[in-house]
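Enquirer: Take this structure, written in structure tokens, and hold onto it; I'll ask about it next.
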Amino acid sequence: MLSSFRRLFLFFLLLATGGLMLVCGVNSARWIDSTFPGFFVMDNHVVASISLSHWPIAAQPQHYQHEVIAVNGQPVTTTAALYGQVRQLPAGTPVTYTLARHGQRTEVILPTVHFTATDWSLLFGTYFINGIALVLIGIVAWYWSATSPVGLALLSLGVSMGLFLITAADLYAPHWFFRLHILTEATFPAATVHLALVFPLERLRRARSVFLALPYAVAGLLGLGCEFFLYRPQVYTLIHNLCTLYAGLAGVVLLGKMVWDYWSTASGKIRQKIRVVVLGSLTGFGFPAVLMLFAGLNASQ
């Protein structure tokens, strides 16, 4: 019975992930060969904290998480209207944006940019490749060790982080999965802490379920807050920064826990396993974890 359930659950996750990636992939492909502001704007008019190095906004990151309230003096009604207004202009046309944050307004002039297939590959292609890889890692780990605490933690981390990356492709338009994305943004840090509590060594003795529930309780509060205040830009940005800080701290906790377990165990087999995993974690997650930690600290200032 358990094996049949695992196969059914596996099929559902793969089908849902594949369908989600297909929809986001088709929608994101519409950016190719279009003119856009040189930055992305979310459905709540907030400038997304992402860019490629050759986009003009990359040299002015202080404008991330600001609300766009006007374009060339015309008030912004919807994000779609903002994109539509810019799309009619040739690439390289200077556009004046009125931004707001913390009650203060600023104006910035940025040239429009031609979005290329290379831009799509570097940004959205990276989202999809890493997203599907993480989901598959989580599914396979759980499928082969469904009763293991580590298997369940890897499933939670792989699926939440994978869906976070896949739905990020929809975050900038048409925003169909905006609410799902912000839920995964709050969930994958909790899943990272979950993994730290059970891997490499599980040190929980009493109140195990309580310790495992705590990080998800924090994620639930952040997720609900973000859902409720999604279209109040200043509050949304604050909660987003808290999620970013949570992710950075969770990554540091996981890496620190593995280092601690390495020095505190006398088992050569466990030490060898930790060496392999720590090396992979430092390579794949160490720098992003530190980056997200400092990004959260800087954004809150």
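Enquirer: I'm told PRO233 meets every condition in (1) modelled with pLDDT of 90 or more; (2) of a type outside the set (Gly, Ala, Ser); (3) crowded, with 16+ Cβ neighbours inside 10 Å; (4) touching a helix residue (DSSP H, G or I) at 6+ places or on another chain (Cβ under 9 Å) except one. Can you identify the failing condition by its number?
Expert: (4)
Enquirer: Suppose we filter THR126, THR167, THR116 for residues that are in contact with an Asp or Glu (Cβ under 8 Å, 6 or more places away or on another chain) and either farther than 23 Å from TYR246 by Cα or β-branched (Val, Ile, Thr) (or both); which single one remains? Walk me through it before giving the result.
Expert: Working: THR126 fails: in contact with an Asp or Glu (Cβ under 8 Å, 6 or more places away or on another chain); THR167 fails: in contact with an Asp or Glu (Cβ under 8 Å, 6 or more places away or on another chain).
Residue meeting the stated conditions: THR116.
Enquirer: I've got another one for you. Search region 198-222 for residues that are more than 24 Å from LEU183 (Cβ to Cβ) and pair each with any residue that is part of a loop (DSSP other than H, G, I, E, B) when their beta-carbon atoms are under 7 Å apart and the residues are at least 6 apart or on different chains.
Expert: Close Cβ pairs (under 7 Å, with a partner that is part of a loop (DSSP other than H, G, I, E, B)) amount to LEU201/THR265.
Enquirer: Now for a separate question. Taking only region 65-75 into account, find how many residues are surrounded by fewer than 17 Cβ atoms within 10 Å (Cβ to Cβ) and farther than 16 Å from PRO111 by Cα.
Expert: Narrowing region 65-75 to residues surrounded by fewer than 17 Cβ atoms within 10 Å (Cβ to Cβ): 69-70, 72-75.
Still in the list and also farther than 16 Å from PRO111 by Cα: 69, 74-75.
Final tally of qualifying residues: 3.
Enquirer: Kindly list, by first and then second residue, each pair from a residue in region 76-96 that is open to solvent by 70 Å² or more (accessible area, probe 1.4 Å) to a residue that is polar (S, T, N, Q), limited to pairs with Cβ atoms under 6 Å and residues at least 6 apart or on different chains.
Expert: The qualifying pairs are ARG87/SER34; ARG87/THR35.
Enquirer: Still on this structure, I have one more. Can you tell me which condition ALA146 does not meet? The list is (1) in contact (Cβ under 8 Å) with a residue 40 or more places away in the chain; (2) in a helix (DSSP H, G or I); (3) among the hydrophobic types (A, V, I, L, M, F, W, C); (4) surrounded by fewer than 24 Cβ atoms within 10 Å (Cβ to Cβ), and all the others hold.
Expert: Every condition holds for ALA146 apart from (2).
Enquirer: Condition test on ILE32, is it in contact with a helix residue (DSSP H, G or I) (Cβ under 8 Å, 6 or more places away or on another chain), open to solvent by 40 Å² or more (accessible area, probe 1.4 Å), modelled with pLDDT of 95 or more and not in a helix (DSSP H, G or I)? Walk me through it before giving the result.
Expert: Values: in contact with a helix residue (DSSP H, G or I) (Cβ under 8 Å, 6 or more places away or on another chain): yes; open to solvent by 40 Å² or more (accessible area, probe 1.4 Å): yes; modelled with pLDDT of 95 or more: yes; not in a helix (DSSP H, G or I): yes.
Against the criterion (in contact with a helix residue (DSSP H, G or I) (Cβ under 8 Å, 6 or more places away or on another chain), open to solvent by 40 Å² or more (accessible area, probe 1.4 Å), modelled with pLDDT of 95 or more and not in a helix (DSSP H, G or I)), ILE32 qualifies.
Enquirer: Which residue is farthest from PHE9 (Cα to Cα), if the candidates are limited to region 92-140 and must be aromatic (Phe, Trp, Tyr) and in a helix (DSSP H, G or I)? Don't jump to the end; show me each part of the working.
Expert: So the first thing to find is which residues in region 92-140 are aromatic (Phe, Trp, Tyr), and the list is 97, 115, 120, 124, 127-128.
Okay, now just the ones that are also in a helix (DSSP H, G or I), so 120, 124, 127-128.
Values: TRP120: 32, PHE124: 27, TYR127: 24, PHE128: 22 Å.
Out of the qualifying residues, it is TRP120.
Enquirer: Could you say whether any residue in region 45-64 is in contact with a helix residue (DSSP H, G or I) (Cβ under 9 Å, 6 or more places away or on another chain), of a type in the set (S, T, N, Q) and open to solvent by less than 20 Å² (accessible area, probe 1.4 Å)?
Expert: Among the residues of region 45-64, not one is in contact with a helix residue (DSSP H, G or I) (Cβ under 9 Å, 6 or more places away or on another chain), of a type in the set (S, T, N, Q) and open to solvent by less than 20 Å² (accessible area, probe 1.4 Å), which makes the answer no.
Enquirer: Next question, about the same structure. Looking at region 203-215, which of its residues are open to solvent by 70 Å² or more (accessible area, probe 1.4 Å) and not small (Gly, Ala, Ser)?
Expert: Just the residues of region 203-215 that are open to solvent by 70 Å² or more (accessible area, probe 1.4 Å), to begin with: 203, 205-206, 208-211, 214.
Once the filter is applied, which keeps residues that are open to solvent by 70 Å² or more (accessible area, probe 1.4 Å) and not small (Gly, Ala, Ser), region 203-215 yields ARG203, ARG205, ARG206, ARG208, VAL210, PHE211, LEU214.
The values are calculated or read from the model by the stated rules, or taken from the named source; none is laboratory data. Just so you know, these numbers come straight off a predicted model, no measurement behind them. Glycine also receives a Cβ, built like all others from the backbone with ideal geometry; neighbour counts cover every protein chain displayed. Just so you know, the surface numbers come from the protein's heavy atoms only, side chains and all, with ligands and any DNA or RNA stripped out. Shrake-Rupley method; radii C 1.70, N 1.55, O 1.52, S 1.80 Å.
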